[in-house]
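Please read the structure below before turning to the comments.
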Amino acid sequence: MGRVVSKKCLIALILIFKLKIFSTTFFSSDLNFCNIFEDLLPFNKNVSYNYLTFGCSNRFLIKDLNNFYSLSNYNFKKFSFGHLLISDFNNIYRGYNLSLKGAYNATNLKIGISPYVSFKDFCDSVNNFKFGLIVSGMIKEENFYIISSYFIKEYKNGSIFLIGYSKNEFDIQFETFYRDGFVFTGKVAYQMYDNFKVNVSLDSEKRIFFGLQVVKFPYMIEYSNFVHPYFSVSNDIRFSLYRENKYYTLQKIKTNKVTFDIPVKAKKIKGFIKKEKINLNGAFYEEILSLEGLSKTVLRRIYIYRLINGKINSYDELEKLPGIGKKSIEKLKEQTFIGD
């Protein structure tokens, strides 16, 4: 009898310990321990891609504290759908968590809902079944975005408010979470190269998060961990397969009704007329579509890439886009140049 009581007390102490350490967690004991909050949202901030992800986490370098998960996101016109499945395996319990996500993506507004269920089978044959709901909203205007989420649970509801600013290669976020108390987090992400991204964040519980992202279309590998002054390092690694969202459309741009007369410069060389090269960073949409030897889909993709990234630095960047190979780059070089 004493052993049973002591075992239950040990389980209770471990669970309380976990709740204190991972206070921004909602589904599993440390689903969000590497500070990837978008996993929990009913929608994804970047709706230009569909993806399927598999990953695993290890806590405090302890052999038996692992979980395995998968998540997905699929876009259909202005709607997006996905799932989040987590399996926890350790000496204390076996846990299974499932969430289905749905969202509506308007031009500057996104709203989503995500019901979830959680089942845990403890080593002393005690079962625990819970369910909840996440409701989220996002407003995005040019470089700024605001995300607000409310977590409805059987016990202790929670809420998150996030303000972000993204421009060029930087993405800066400030997040506040409330459940048992307030937890504040600051995050900075930097796109070092076209296929390499790094992020660092610090929260009010003295946790330092660090993450790396490597992209090689259509694959993505991410590694992240967190460091705490009093605990061992925890790790997370995930592999993603993603593709373009064919329903993705550019944000509408308001223009004044002005008639432009754009002269086309041309030179006559030995009996034939040769068009002058156009600047890829300064050309109008119609000018880019007028390039010869490339499909309209590829040319639109180049234009969208320039809008998203601000400018094109080299032709090597464009070669990484789907549908653009070395032959396409050669045709681009014959008709264009990269200016400021």
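The values are calculated or read from the model by the stated rules, or taken from the named source; none is laboratory data. Given the structure is predicted, the values throughout are model-derived calculations rather than measurements. Backbone-built Cβ (ideal geometry, glycine too); neighbour counts: all protein chains shown. These area figures cover heavy atoms from the full protein model, side chains too; ligands, DNA and RNA do not enter into them. Shrake-Rupley method; radii C 1.70, N 1.55, O 1.52, S 1.80 Å.
Some observations on this one:
- Note, ³J(HN,Hα) from phi for the stretch 97-102, Karplus 6.51, -1.76, 1.60, rounded to Hz, x at Gly and Pro: 10, 9, 9, 10, 10, x
- Amide proton proximity set for Arg179, modelled H, under 5 Å, gap of 5+: none
- In terms of packing, defined here as the mean over residues of other Cβ atoms within 10 angstrom, the peptides 52-60, 330-338 line up highest first as 52-60, 330-338.
- Between the stretch 203-253 and the stretch 272-340, the alpha-carbon center distance in angstrom: 30 Å
- For the listed peptides 91-98, 233-240, a ranking on the average number of other beta carbons within 10 Å per residue, highest first, reads 233-240, 91-98.
- Local electrostatic count, Asn50, Cβ distance below 15 Å [Lys/Arg +1, Asp/Glu -1]: +4
- Accessible area of the stretch 60-144 divided out per residue, in Å², using a probe of 1.4 angstrom: 54 Å²
- A cut-off under 10 angstrom between Cβ atoms defines the neighbours of Arg238, and their net charge, with Lys, Arg +1 and Asp, Glu -1, is -3.
- Computed over neighbours whose Cβ is under 14 Å from that of Tyr165, the net charge equals -1, Lys and Arg +1, Asp and Glu -1.
- Amide H contacts of Tyr49: Asn245, each under 5 Å away and 5 or more positions distant or on a separate chain (H built 1.01 Å from N in the peptide plane; Pro and chain starts excluded).
- Net charge dipole size for the stretch 142-201 [Lys, Arg +1 and Asp, Glu -1 on Cβ; Debye, nearest 20]: 200 debye
- Between Lys246 and Leu133, full extension at 0.36 nm per residue minus the direct alpha carbon distance yields a gain of 37.7 nm.
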